[in-house]
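Report on the following structure.
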């Protein structure tokens, strides 16, 4: 088939870059295309032929590759205004030459349209026009579409290496004033190196992603680390501001089908991507991917219409009240607001949605904590304490929305790096965020045993999570205890009291995970995981034997919970070398007696006139598989 000769058809619009630059006048506002779609040839020519340009205003979102106009030597010719601070222009801002405009990404197009941020010239990159005169914006539609619509003059670098993408990504040549043919490789952003910390963050995030969820996740180490933990998920969808190479393996694993999406069903939706040639080849003429302008993709209302929408965004620092800084290091602007708040609010309004802030617990090679008593002086709040929902570090997941300041402090301290937990607790007590008598273990020596988390199934088919208790479970455990019937309290505590002081509940939820163990059974509730059962053992190191005790919420009794808890607690104790279990059981507690007698172990029972004293040997080799 004969190749379409677009240059011949549109020869009146075809010019060299040096000629195109003559259109630019002193004082013009010049928009430069986003990310990897930066028209590199046009940008370099802009600088090379700038002898007659003065006080031009460069406007861009995120540039990747060279930014020669940001050179301090050209400060009289070019004044830069960036909506996101990338590596290649950060030095300019630090020298007080360039400007940064903090703004929600979804709202930038309206600034162009209203003229509050004028665009005189738009320098963009497109694929060659097809026989119908349509060019694709390729890897970056985002705010480029709006910039073109509101620019006085549009100069497009036509690059045959630009992928042809679908969606609302096309421009007709009639909307382009000058076409500059120049093929060059699309800027590539290779995968960043990961490590164990980032991998653990990815694993923790994956626990929040249910089958059928639609996810938003950008580029960088966190999405790359998350992707492998999602390969076994079913019917995931993608509605994201941007993506990287990580998306390919997620699609090819079968996890991403977009079959359950509420909007754009059957399609991956994004506004731009940053990746390698592998990614660009993958999305080229691939109808599974659709690119749309930012005002659609990042609109919180649009986002919220996807059910089970999960948004994953990064933070630089968070204080104990839940304020998230994501764009600055103190007074130094580091990145940008971007689409974080757009997706935080959109996901929060989604039916079954989850808004997630992810960050390593420390920075500067572990020297400083990212979870802090107060934000660094000069740091800006991107996500407010009222907007924050889930916070994830390598140490776990904290849920803050609707929680008190005390509860937030406890949640965040538990996912901070252990070496910073004591000082965070001390600071929280000083600020009256925590009670003065709050129990605090030597956190560096007390590690939460995530390996003891285990899912099981009750007799009625209900899936339940058994996991070690955490200090942040105090409110949930207190609620469970106060929900018990008088009979359940009597059988567990052998008393008729219905009062559970906070000091006593603290002792239940603050355990050392070594000598003593407490396993809770949890199920999803309105405010997060609801505690419905507790199994404990208390080790006597001298005798290497442990007392066991159980309590199950009334409505969850007679479902096999006690048997599962005893079996699991026994397995943990055996692995830790505990020799013997013993317990005291009231004669009226026939259900608990049956659990012990049906455990498969040889039970020694003595009745002292009030209670049964039960004892059995865990080292009985005949029972190893029980």
- Message: If I model a spin label at residue 431 and residue 12 as a point 7 Å from the Cα along the Cα→Cβ vector, what separation in nanometres do I get?
- Response: 6.6
- Task: Would you calculate the volume per residue, in Å³, of the smallest convex hull containing every Cα atom of the stretch 415-558?
- Result: 142
- the stretch 200-264: relative contact order as a whole-number percent, Cα under 8 Å and 6+ apart: 36
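For the stretch 170-210, compute Rg over Rh where Rg is the Cα radius of gyration and Rh is the Kirkwood radius from the inverse mean 1/r over Cα pairs.
1.37
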- Where does the chain land at 222 nm, in deg cm²/dmol rounded to the nearest 500, when only DSSP H runs of n ≥ 4 count, each adding -39500 (n - 2.57), divided by all residues? -6500 deg cm²/dmol
- Note on the structure: The residues 551, 520, sorted from fewest to most surrounding Cβ atoms within 10 Å, come out as 551, 520
- Item | 320, 329, 539, 564 arranged by Cβ crowding within 10 Å, fewest neighbours leading | 329, 539, 564, 320
- Note on the structure: Per the rule of 0.36 nm per residue minus the C-alpha distance, extending residue 367 to residue 130 adds in nm 79.8 nm
- If one takes the longest principal axis of the Cα atoms in the chain, at what angle in degrees, from 0 to 90 and to the nearest 10, does the Cα axis of helix 474-483 lie? 50
- Provide the FRET efficiency to the nearest 0.05 for the residue 507-residue 4 pair, computing r from the beta carbons and using R0 = 60 Å. 0.20
- Query: Measuring from label point to label point, each 7 Å out along Cα→Cβ, what is the residue 447 to residue 211 span in nm?
  - Reply: 3.4
- Query: By average Cβ neighbour count within 10 Å, what is the ranking of 77-84, 395-402 from highest down?
  - Reply: 77-84, 395-402
- Which part of the stretch 453-470 falls in the paramagnetic zone of residue 571, meaning amide N under 19 Å from the point 7 Å along Cα-to-beta-carbon? 453-469
- Item | Gain in span if fully extended, residue 460 to residue 439, counting 0.36 nm per residue against the direct Cα distance | 3.8 nm
- Note on the structure: Helix 196-206: inclination vs the chain longest Cα principal axis, degrees, rounded to 10, gives 80
- Message: Quick check: Cα centre of the stretch 206-279 to Cα centre of the stretch 483-506, how many Å?
- Response: 47
- Overall form of the stretch 53-199 per C-alpha gyration tensor (a/c, 1.5; a/b vs b/c): oblate
- For the pair residue 161 and residue 515, how long in nm is the line joining their label points, each one 7 Å along Cα→Cβ? 6.6
- What is the fewest-to-most order of 530, 486 by other Cβ atoms lying within 10 Å of their Cβ? 486, 530
- For the pair residue 485 and residue 174, what calculated FRET efficiency results from E = 1/(1 + (r/R0)^6), where r is the Cβ-Cβ distance and R0 = 56 Å, to the nearest 0.05? 0.15
- Task: For the stretch 566-626 and the stretch 75-146, compute the distance between their C-alpha centroids and round to whole Å.
- Result: 69
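Given an 8 Å cut-off on Cα distances and at least 6 residues of separation, report the relative contact order of the chain as a percent.
8
At a 10 angstrom cut-off on C-beta neighbours, averaged per residue, how do the peptides 297-304, 23-30, 384-391 rank from highest to lowest?
In decreasing order of mean packing, 297-304, 23-30, 384-391 become 297-304, 384-391, 23-30.
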- Pairing the Cα long axis of helix 561-575 with the longest principal axis of the chain, what angle in degrees results, from 0 to 90 and rounded to the nearest 10? 90
- Query: Extension gain residue 55-residue 619, at 0.36 nm per residue separation less the Cα-Cα distance, in nm?
  - Reply: 194.8 nm
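Every number here is computed from the coordinates shown, using simple stated rules; none is lab data. All figures in this text were calculated on a predicted structure; none of them were measured in a lab. Neighbour counts are summed over all protein chains in view; Cβ atoms, including those assigned to glycine, are modelled from backbone coordinates with ideal geometry.
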